[in-house]
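Note sheet for the following structure.
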Amino acid sequence: MSLVAIVGRPNVGKSTLFNRLVGMRQAIVDETAGVTRDRHYGKSEWCGHEFSVVDTGGYTSNSDDIFEEEIRKQVVLAVEEADLVLFMVEAAAGITDYDEEIADMLRRSGKPVILAVNKVDSGEKIYDSFQFYTLGLGELFSISAANGGGTGDLLDEIVRQLPEETENPDDRPDLPHFAIVGKPNVGKSSITNAFLGKERNIVTPIAGTTRDSIATLYNKFGHEFMLVDTAGMRRKTKVHEDLEFYSVMRSIRAIEHADVCILMVDAQTGIEAQDMSIFNLIQKNRKGCVIVVNKWDTIEKDSNTMKEYVEAIKARIAPFNDIPIIFTSVINKQRIMDVLEAAERVYDNYSRKISTSQLNDVMLPEIENYPPPAWKGKYIKIKYITQLPTKSPSFAFFCNLPQYVRDPYKRFLENKMRDHFDFQGCPLQIFLRQK
């Protein structure tokens, strides 16, 4: 899926446009410059084309603010990663030094750039936007991110300029895709090499040696699938730069194209905030998941260590804790085949189709034993259940008053589905529909 990065100096309305493109209020918007300090990631869809959008912080230079120095690095990285850059400027403010600096950086990048002049809220203000032609970035689009003016034409242009999705000739869409994801230096390349039995990827103790996501066909011991080792997130020359940004930017791509994600965690640190951001991306994209705790040989153990570790991980990832957790030592080749077996099992669960008659035979008695709570004196009756034709497991429960079924009851339905059918490692979607 193509990636569009929104860049610009602080307070030109990048987060407002981001919220409009992804259709939800995800990024905080404020009159104060520099509110966005993290990246926000979402998906946008226009005329049948879907693409990912990243909202970056405002680009500044020569600032005393330590955050702004980090933001500047991240904008440079976002431009490196993106297929298309959306450069935002502000009509009333005119061309500032920052705008000139960003335009210069974008011209050098060689990436396709769309120039959006924001805060054109009325007919007269459109004349303020013509001065931005002097930035030398070609056609410009006058928009108002706050009220949506001009955003339709802008989206048409984005879709027109996005590169065609090219099929990798080595890729086999008919096979399951397993992506190995995680923060830098947890052993992603090492486990790939151990699976393949050869040094396919360079491995060093320096976090971030692998630069690109590498897909390899695995066909051994009765297993056949595409194995993707996601980028080890940093070039050697950029060892001091923001780790999390690399991890998340690179993992987004791999996660979107995978069926099952093998999330690798360092046994010495446990699940940290960065691991959780990647886990949440897996959840958001509704992919199967296996958690692999690597470097288990470095931990001092007693009889309860593994059990306590599993409980700690499940507490962190709750409520979606029906996930296989495997403890490995890649260096000692310990339990690495268990990882592949767990990933194949999760893939089988992920692609499982259950007949409507079987679903109703199993779930209707459960619903009868514990019906949805009445709401304002109205009784809710679930009549029948069917599986929806989606890639990840999704089920529609048809009833008379779907609007009155609350989340706790949906969780009850999901738990009962998991009790009766093996969906370990897969997110389930439960929809209540009007009968």
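In the condition set (1) open to solvent by less than 20 Å² (accessible area, probe 1.4 Å); (2) modelled with pLDDT of 85 or more; (3) not acidic (D, E), A27 is compliant with all but (2).
Could you go through region 334-356 and let me know if any residue there is open to solvent by 20 Å² or more (accessible area, probe 1.4 Å), within 21 Å of the chain's Cα centre (by Cα) and either modelled with pLDDT of 85 or more or of a type in the set (K, R) (or both).
Residues of region 334-356 open to solvent by 20 Å² or more (accessible area, probe 1.4 Å): 334-335, 337-338, 341, 344-345, 347-348, 351-353, 355-356.
Among the residues that remain, those that are also within 21 Å of the chain's Cα centre (by Cα) are: 347, 351.
With the extra rule that they be either modelled with pLDDT of 85 or more or of a type in the set (K, R) (or both), the set shrinks to 347, 351.
The answer is yes, given that some residue of region 334-356 is open to solvent by 20 Å² or more (accessible area, probe 1.4 Å), within 21 Å of the chain's Cα centre (by Cα) and either modelled with pLDDT of 85 or more or of a type in the set (K, R) (or both).
The residue of region 140-149 that is modelled with the lowest pLDDT, among those that are open to solvent by 30 Å² or more (accessible area, probe 1.4 Å) and under 17 Å from G8 (Cβ atoms), is A146. Scanning region 289-325 for residues that are under 15 Å from R335 (Cα atoms) and either open to solvent by less than 40 Å² (accessible area, probe 1.4 Å) or in contact (Cβ under 8 Å) with a residue 60 or more places away in the chain (or both) gives V290, I291, V292, V293, N294, K295, W296, P324, I325.
Residues are listed down the side, and each one gets a yes or a no for (1) touching a Ser or Thr at 6+ places or on another chain (Cβ under 9 Å); (2) open to solvent by less than 10 Å² (accessible area, probe 1.4 Å); (3) closer than 19 Å to I158 by Cβ; (4) in a loop (DSSP other than H, G, I, E, B):
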{"residue": "E101", "(1), (2), (3), (4)": "yes, no, no, no"}
{"residue": "L106", "(1), (2), (3), (4)": "no, yes, yes, no"}
{"residue": "A116", "(1), (2), (3), (4)": "yes, yes, yes, no"}
{"residue": "V120", "(1), (2), (3), (4)": "yes, no, yes, yes"}
{"residue": "K125", "(1), (2), (3), (4)": "yes, no, no, no"}
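Among the residues making up region 397-418, those that are over 26 Å from the mean Cα position of the chain (by Cα) and of a type in the set (K, R) are R406, K416. Once region 280-305 is narrowed to residues that are in contact with a strand residue (DSSP E or B) (Cβ under 6 Å, 6 or more places away or on another chain) and part of a helix (DSSP H, G or I), the residue that is farthest from D348 (Cα to Cα) is D297. Taking residues in region 268-285 that are farther than 21 Å from M306 by Cα, and partners anywhere that are hydroxyl-bearing (S, T, Y) and in a helix (DSSP H, G or I), the pairs with Cβ atoms closer than 8 Å and at least 6 places apart or on different chains are Q274/S247; S277/S247; I278/S247; I278/S251; L281/S251. When the residues of region 371-402 are filtered to those that are exposed (fewer than 12 other Cβ atoms within 10 Å of the Cβ) and touching a helix residue (DSSP H, G or I) at 6+ places or on another chain (Cβ under 9 Å), which remaining residue is farthest from S351 (Cα to Cα)? Across region 371-402, the extreme among qualifying residues is K376.
Residues in region 58-68: is at least one modelled with pLDDT of 80 or more and outside any loop (DSSP other than H, G, I, E, B)? Full working, then the answer.
We begin by selecting, within region 58-68, every residue modelled with pLDDT of 80 or more; these are none.
There is no residue in region 58-68 that is modelled with pLDDT of 80 or more and outside any loop (DSSP other than H, G, I, E, B).
Taking the criterion of being modelled with pLDDT of 90 or more and aromatic (F, W, Y), the residues of region 393-435 that qualify are F395, F397, F398, Y409, F412, F421, F423, F431.
The values are calculated or read from the model by the stated rules, or taken from the named source; none is laboratory data. Worth saying up front: this structure is predicted, and the values here are computed from it rather than measured. Neighbour counts run over all protein chains shown; Cβ positions are idealised from the backbone, glycine included. SASA here: full protein model, heavy atoms, side chains in, ligands and nucleic acids out. Shrake-Rupley method; radii C 1.70, N 1.55, O 1.52, S 1.80 Å.
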